[in-house]
Amino acid sequence: MTYTQADKNRLRWRSRRGLLELDIVFEMFLEHDFEGLTDAELDVYQDLLMLPDIDLLELVDGKTDTTDARLAPILARLRHWQVVKQQ
Amino acid sequence: MANVAKRQFDAVIVGAGGAGMRAALQLSEAGLKTAVLSKVFPTRSHTVAAQGGISASLGNVQEDKWEWHMYDTVKGSDWLGDQDAIEFMCKTAPEAVIELEHFGMPFDRVESGRIYQRPFGGHTANFGEKPVQRACAAADRTGHALLHTLYQRNVRANTQFFVEWMALDLIRDADGDVVGVTALEMETGEVYVLHAKAVLFATGGAGRIYAASTNAFINTGDGLGMCARAGIPLEDMEFWQFHPTGVAGAGVLITEGVRGEGGILLNANGERFMERYAPTLKDLAPRDFVSRCMALEVLEGRGAGKNKDHVLLKLDHLGPEVINHRLPSIREIAIKFAGVDPIKEPIPVIPTTHYQMGGIPTNYLGEVMVPKDGNPEVRVNGFYAAGECACASVHGANRLGTNSLLDLVVFGKSAGDSMIEFIKNERPTHKPLPENAADFSLARIARLENQTGGEEVNVVREAMQKTIQLRAGVFRNSENMALGVKEIAEVAERAKRTQIKDKSKVWNTARIEALELDNLIEVAVATMIAADARKESRGAHSHDDFEKRDDENWMKHSLFFNQERRLDYKPVHTKPLTVDYIPPKERTF
């Protein structure tokens, strides 16, 4: 789909999660990566946000992996924000 | 109210965590038209973060009794908990947990097939004699399992979910009765009036008033803010549970086992400051003592980092082998959330807020109770609260581990039952809405839209968080808290003039964050003023100038009225429902 600013804002809101660990990672991602995503990447991001928090955290933590190759680039960015200095 | 759409329900519930969904299930299964509003998808509520378990004296692994659970809870509360509510919760716990099992919650089991129970700090047998295994868990996903189980049952029971709706204000009529809420639909930006026979708040805690908090970003105390604006007092807001070592700037916890393995705390000068405060126990002094020393180092200007706002947890002297073998997950957390490898560098840490003991004053039936005409507890007709946003009060001055999930299901159900009775017997038809029921909320939004010369929301929020962290954190003394009262009043004035650049209507996250700050600031002011006023040390409120618990003068609940910035007090309930009162004792462990 084509994402309007309102659609993007919806995804921004849906990046608010029930777990602080995810909020921290998504906050960095939204600040640095989100605006540069293509519509196709936003489709993938939207799908990723549908996952339950616990499963999403395990994916972002690298404790589990996915066979869905589409998710890989976004997941790599999210994982990147896990390992940069937060201070 | 010409421009505001109106919808009618029997019951409106704000919040879709464990408490809100447990109450909703009760109401929907009774055939009542029930709406649940949630800022986020229900299974993404903060209940998901609860890992430890849910306590109940099932006695599946070791002999246990609800009376022992009650004793542990009263002691944990440092005798500020209401003993009728505590008895109700502990006595109801086994049936509440078995009910969850019957709903399909995947608890861990023992070989016979019964629910497994694990040990947990503070859980004892025979009134404090020895540890007992009382915590029921679904692996480390207990909160997740609870939310999913309750959500599915609610879908089956036809509960109507309003997902990505934010409640704005409570609607009270001329009699003070609650007849509904106003709410913002994020997808359209429209404000609605939701007209109800009964309203329940289950909006969770407000841990985000602190700079260092384990709470998710959604925990902005929306229910508490709405109460404050509607003239409902907030109870015992000075009591917040802290953990000594959260990663600074992140809030993620570092287990205390790290200090057991030989980790030490340093200030900015590289001094092992715990040697000064506790020459014998040093870094292994009790949790609350260590927390206060850490806060004192920061307060006196010996904090580390560019903002001098944390201390350092040093592990590298233990060597890579010990760290990799005994503390692998700690190394992982430090790398991810502090950006430091503890094999080489110390971890920045700070005492971190975890749980809010106070909240909306209720009784054990979930009814909201306020002082009126000299009576300390008069029911607000049509208004209920449950979960972390409510103060029943079962946690008193400090919460016992695994009692939080129990609180959600016991009082969620109890409030649901009370609402069913109220609707059936006292409010079979809707009470009329007051004229212009949405005007107050619309004016708040209009103020935000038209504000000029104000400050950005995140600037004011950070000022609030910094003030509360420094002045109402673990280290509390008269001088510091008096400063806090003055400072938070200034921040509250700034919060009245927040400004947003984005004026769009649809999915305007800036507007939502501004509205959340309106709620946070009410909680922050209540916390600061209630903490400053309590001249004793009890549970999580540790006052350096009044180091002892003072039952004679202070065994009472605080009630803060935000509009008049006024404190009132009410007695602790000392009459349990059926058993003898548990009299106060010195709290030693």
Against the conditions (1) open to solvent by less than 30 Å² (accessible area, probe 1.4 Å); (2) farther than 25 Å from residue B:479 by Cβ; (3) out of contact with any strand residue (DSSP E or B) (no Cβ under 6 Å at 6 or more places or on another chain); (4) not aromatic (Phe, Trp, Tyr), where does residue B:293 fall short? Just the number, please.
(2)
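Within the bounds of region B:411-431, is there any residue that is open to solvent by 40 Å² or more (accessible area, probe 1.4 Å), in a loop (DSSP other than H, G, I, E, B), of a type in the set (Lys, Arg) and in contact (Cβ under 8 Å) with a residue 60 or more places away in the chain?
Scanning region B:411-431 turns up at least one residue that is open to solvent by 40 Å² or more (accessible area, probe 1.4 Å), in a loop (DSSP other than H, G, I, E, B), of a type in the set (Lys, Arg) and in contact (Cβ under 8 Å) with a residue 60 or more places away in the chain.
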Inside region A:25-48, the number of residues satisfying the requirement of being closer than 21 Å to residue B:516 by Cβ and either in contact with a Leu (Cβ under 7 Å, 6 or more places away or on another chain) or open to solvent by 10 Å² or more (accessible area, probe 1.4 Å) (or both) is 6
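Out of all the residues in region B:117-161, which are hydroxyl-bearing (Ser, Thr, Tyr) and in a strand (DSSP E or B)?
B:124
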Considering residues of region B:316-340 that are modelled with pLDDT of 90 or more and over 32 Å from the mean Cα position of the chain (by Cα) only, the residue surrounded by the most Cβ atoms within 10 Å (Cβ to Cβ)
B:318
Looking at B:445, B:468, which is the one that is outside the structural domain of residue B:177 (by TED's automatic domain parsing), in contact with a helix residue (DSSP H, G or I) (Cβ under 7 Å, 6 or more places away or on another chain) and in a helix (DSSP H, G or I)?
B:468
Of (1) assigned to a helix (DSSP H, G or I); (2) loosely packed, with under 15 Cβ neighbours inside 10 Å, residue B:452 satisfies all except one. Which?
(1)
Being hydroxyl-bearing (Ser, Thr, Tyr), away from every other protein chain (no Cβ under 14 Å) and either farther than 30 Å from residue A:55 by Cβ or free of Cβ contacts under 8 Å to residues at least 24 places away in the same chain (or both) narrows it down to one residue among B:57, B:28; which is it?
B:57
Residue in region B:229-244 that is in contact (Cβ under 8 Å) with a residue 12 or more places away in the chain, of a type outside the set (Ser, Thr, Tyr) and within 14 Å of another protein chain (Cβ to nearest Cβ) present
yes
Among (1) of a type in the set (Gly, Ala, Ser); (2) in a helix (DSSP H, G or I); (3) at pLDDT 95 or above, there is one condition residue B:59 misses while meeting the rest; what is its number?
(2)
Restricting the search to region B:46-60, which residues are in contact with a strand residue (DSSP E or B) (Cβ under 9 Å, 6 or more places away or on another chain) and open to solvent by 10 Å² or more (accessible area, probe 1.4 Å)?
B:52, B:57, B:58, B:59, B:60
Among (1) open to solvent by less than 10 Å² (accessible area, probe 1.4 Å); (2) of a type outside the set (S, T, N, Q); (3) more than 30 Å from residue B:569 (Cα to Cα); (4) over 22 Å from the mean Cα position of the chain (by Cα), residue B:179 falls short only on (3)
Does region B:341-358 contain any residue that is within 14 Å of chain A (Cβ to nearest Cβ) and without any contact (Cβ under 8 Å) to a residue 24 or more places away in the chain?
yes
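The values are calculated or read from the model by the stated rules, or taken from the named source; none is laboratory data. No experiment lies behind these values; they were computed from the predicted model shown. Ideal geometry is used to build each Cβ from the backbone, glycine not excepted, and the neighbour counts take in all protein chains shown. Only protein heavy atoms, including side chains, enter the accessible area calculation; ligands, DNA and RNA are left aside. Shrake-Rupley method; radii C 1.70, N 1.55, O 1.52, S 1.80 Å.
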